[in-house]
Amino acid sequence: MKKIVVEGLKYRYPLTAELALNDVSFEIEKGEFIGIIGRNLAGKSTLCQALMGLVPHFYKGAYGGSVTVDGLNVAQTEICELARKVGLVFQNPFTQVSGSKMTVYEELAFGLENLGVPRAEMMPRIESAMALLGIERFGKRNPFDLSGGQMQRMAIASVIAMAPDIIVLDEPTSQLDPQGSEEVFQAIQALSRQGMTVIMVEHKMEKIARYSDRVMLLDHGRLVDFDTPERVFSRDDLAQYGIAAPIFARICQGLGIRTPQTGLYPMTLDDAYDQVVNWHE
Amino acid sequence: MKALSLYQDNGTLIHRVDPISKLLYIAAAIFIPVVLTGFTAGLAMLGLSLMLLVLARVLRKVVPLIGFSMLVLISVVIIQGLFYAGNRQVMFALGGVHFYREGLLFSAAICVRVLNILCAFALLVLTTRPSDLIESLVRQGLSPHFGYVLSSVLQIIPQMTGTMETITDAQRSRGMETEGSLMVRLRAFLPLIGPVVMNSLVSTRERSLALEVRAFSSRAQKTFLNEERVSTSNRVIKIVLLAAMAAAVAWRVVS
Amino acid sequence: MNKIEIRNLVFHYTAGEPILNDISLAFDARSTAIIGQNGAGKTTFVKLLKGLLKPVGGDVVINGINTSDATVAALARHIGLVFQNPNDQIFKNKVLDEVMFGPLNIGQSQDEARERADAALAMVGLAGRINDNPYDLSLSERKLISIASIVAMNTEIIIFDEPTIAQDFSGKEHIKAIIRDLVAQGKLVLTIIHDMDFVAETFERTLVFAQGRVLLDGSTREVFAEEEVLRQAHLEPPHVTQLAHRTGLPGTPLTVEEFVREKRAQGAMRPVTP
């Protein structure tokens, strides 16, 4: 089932000359885990916000083409209506704290109260979101007393508690230490396996390669490629788009190792291990 | 983090009384002495408030508030005692300065009234979480947007002081003196306020995006995580308070 | 002489809740990365180095000056700190003025400040933007302005707080080149960072903080060889090192090139089996 259909999407922010998104078209199936990569200002965040309707509703500006999410035309649907289907986690955790709640537990309830979710349903949803992100022990803390990493987990949990069909995450692990960011990726993967459609912008290519079903490469507002991580990261023109392949792929490239079945470079630690350990010059 | 709130989490019986009842109590504490005039009613209300503050174990927090208002009240007593327009009868003299009975009585009435209001408000502020108070008001029909503004101000202002500290650190790290003479402090103003303004512009926009994502503008009937406290005792409290106010009016009319 | 000496440093905000616990360290000229789990005390440590916080116990001595006896502004001649968020410092309308603010504060003459600002802006690649308004530049360019404004102060010690956050590949390469440039000029460069690959490629020495103590201290290669200890500290070795460890490649390679070289050398030594 097509969960997201984007056709010929063009967008320009008000008071700017260049298109932030230029003729972008793609389709995403339910339950897919999609990674979005590209250099800074390539249009990744703009695309995220276009899936949520913040582009064009919040910013205005010039908009062309169409974005359809779960059958709803985004340009003709209000953000608060889309919020029932799509969740968006931003990069900066501090500005995602609502500021009106005294505890982490209540902070997670904020979105649910706005949606009018019955009280009895709220609590299990909040508790499972907190457990998934590993923040149960902070339930009674003031949201602003959390560290950057903990706040980032809370921001993700706050959106997950709203139980969207689609979750869009814009560099959600920037403040986390290595193991923390691994835990968050695993949590998101668990949701994806339960059928949630995941779209994630991230500069950590090793994680994108390991967790994504497909990778979208953007540059100057255009969609350059949208394919499996192996295919995208085996392109020989990545440098031109300001991207470096995952370290494991670069090692295999240095050694001239390709996966025999596909002729592509291995991307993940496990795949690279299988090939490297048996490698002889 | 220091939230902008005087709330004391003691979990006493008084804490469990719903915020609307406490608001009603403030109304009664102001209304009844005004209607009944004279000292007795005001002193009685003040006594009651103090007793409730003791029950809520927050009396210690009220002392500095009373202490601060005392500074003002003492000056009122002195000024009225000396210069009240209706002053006739000298009550006592201090080093040749005469204090008059009428002025002192008048100022004593003001003192009782001020302390009375202060204690009644303290009862609300010290024993109610600000977010609970605002939530109750939203339930009673206050616009959720206005409610949000009220409660977020309480948290985001302390948050801004945190940002201010970071910015101060960043500029001191670049060799800027922030302490010393007035001139030094004035010179430090722009490098501090510039980033504060830019930061708050940026974060206000980001926060409003984040609020939209969390369905802040939704027109769905809002629900609440915390249960509304509709216990019989809360209803009884409200009825008693309303009845007391009505009785005061009746007493005034009859007598 | 060591540029930084730390003796029995103890710090806490509330007695009984130690944040840093009896740390003794010396920093020589080697570029050093400070890594550790969120909340391990790294940021507090850096604030103590800058004199923004004063020790509860022990001493922090920067270029022979005990931080307890000096103001932050006075220490600023010796030690610079690039904050994580450039928006926390930028307030001038022109890039050049912003970069000259620190140098002028610490007593450089107008001419010297101008010269150092020009050099610093050239180093970060913003020489052509000196008259622009900083807020017309992108966030990653503003990060470069904030780096230049510390570099122009010409301190012997420069600290970076999470320099790679929100940077893309070319941004990271750029910052890596800047750090190497500073090291080549003889500066002591320290950084707090979560990006292990960046540490492996850029820093000579690595300190691992855990629960307010220094868990590991050594050359970056020695530290990243300790996979078990790193995991205990909620960290992981760089990706290159992980693959080397799994495949049994000796020597703890830290970069893609080192891995390929080691692997080829190993392959050449091994008898070829048909």
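Only the coordinates and a few stated rules stand behind these numbers; no lab work does. Values in this document were obtained by computation on a predicted structure and should not be read as measured data. Counting neighbours? That spans all protein chains shown, and the Cβs are built from the backbone with ideal geometry, glycine included.
Under the Kirkwood approximation applied to all pairs of distinct alpha-carbon atoms, what is the hydrodynamic radius of the stretch B:136-213 in Å?
14.8 Å
Which net charge results for the neighbourhood of C:Lys94, defined as the other residues with beta-carbon distances under 10 angstrom from its beta-carbon, given Lys and Arg at +1 and Asp and Glu at -1?
Net charge around C:Lys94: -1.
With everything on Cα atoms, drop me the angle between helix A:178-193 and the longest principal axis of chain A, reported from 0 to 90° to the nearest 10.
80 degrees
Between B:Leu201 and C:Ala122, what FRET efficiency comes out of the Förster formula 1/(1 + (r/R0)^6) with R0 = 22 Å and r the beta carbon distance, rounded to 0.05?
Computed FRET efficiency for C:Ala122 and B:Leu201: 0.10.
Report, in degrees rounded to the nearest 10, the 0 to 90 angle that the Cα long axis of helix C:169-184 makes with the longest principal axis of chain C.
80 degrees
Suppose R0 equals 35 Å. What FRET efficiency, 1/(1 + (r/R0)^6) with r the Cβ-Cβ distance, do C:Leu25 and A:Val5 give to the nearest 0.05?
0.05
Among A:Leu255, A:Leu82, A:Leu223, determine the one that fluctuates most according to a GNM of chain A built with springs between C-alpha atoms less than 10 Å apart.
A:Leu255
I'd like the Karplus ³J(HN,Hα) series for the stretch A:30-38: coefficients 6.51, -1.76, 1.60, θ = phi - 60°, whole numbers in Hz, and an x wherever there's a Gly or Pro.
4, x, 6, 10, 10, x, 10, 10, x
Students often forget the sequence filter, so: which lysines lie under 23 Å Cα-Cα from C:Lys143 once same-chain residues fewer than 8 apart are removed?
A:Lys44, A:Lys204, C:Lys42, C:Lys47, C:Lys50, C:Lys92, C:Lys94, C:Lys172, C:Lys176, C:Lys187
Label-point separation (nm) for B:Arg229 and C:Val10, each offset 7 Å from Cα along Cα-to-Cβ?
The answer from the label model is 4.4 nm.
Shape of the stretch C:1-73 from its Cα gyration tensor (a ≥ b ≥ c, root eigenvalues): rounded if a/c is under 1.5, otherwise prolate when a/b > b/c, or oblate?
Judged from the Cα gyration tensor, the stretch C:1-73 comes out oblate (a/c at least 1.5, b/c at or above a/b).
Using θ = phi - 60° and the Karplus curve 6.51 cos²θ - 1.76 cosθ + 1.60, what whole-Hz ³J(HN,Hα) does each residue of the stretch B:240-255 get, with Gly and Pro shown as x?
3J(HN,Hα) across the stretch B:240-255, in whole Hz: 4, 5, 5, 4, 4, 5, 5, 4, 4, 4, 4, 4, 4, 5, 5, 7.
Near B:Lys222, which aspartates and glutamates are there with a Cα under 19 Å away, not counting those fewer than 8 places off in the same chain?
A:Glu78, A:Glu81, A:Glu106, A:Glu107, A:Glu113, A:Glu121, B:Asp132, B:Glu135, B:Glu212
Under a 5 Å amide H to amide H cut-off, with H placed in plane at 1.01 Å, what residues pair with A:Asp225 once short-range neighbours are removed?
Answer set, sorted by chain and number: A:Leu217.
With the radius of gyration and the Kirkwood radius both derived from the Cα set of chain C, what is their ratio Rg to Rh?
1.01
Scan around A:Leu21 for amide H atoms under 5 Å from its own, H built in the peptide plane at 1.01 Å from N, and keep only partners 5 or more places away or cross-chain.
The list, which skips near neighbours in sequence, is A:Tyr11.
Stick to the Cα atoms of the protein assembly as shown, pair each with every other, and give me the Kirkwood hydrodynamic radius in Å at one decimal.
For the protein assembly as shown, inverting the mean 1/r across all distinct Cα pairs yields 30.3 Å.
Which aspartates and glutamates have a Cα lying under 15 Å from the Cα of A:Lys10, excluding residues fewer than 8 positions away in the same chain?
Within the straight-line limit of under 15 Å, A:Lys10 reaches these aspartates and glutamates: A:Glu18, A:Asp23, A:Asp219.
What are the ³J(HN,Hα) couplings of the stretch A:156-164, residue after residue, when phi is run through the Karplus curve with 6.51, -1.76, 1.60 and θ = phi - 60°? Round to Hz, x for glycine and proline.
Once θ is set to phi - 60°, the couplings for the stretch A:156-164 become 5, 4, 4, 7, 5, 4, 6, 6, x Hz.
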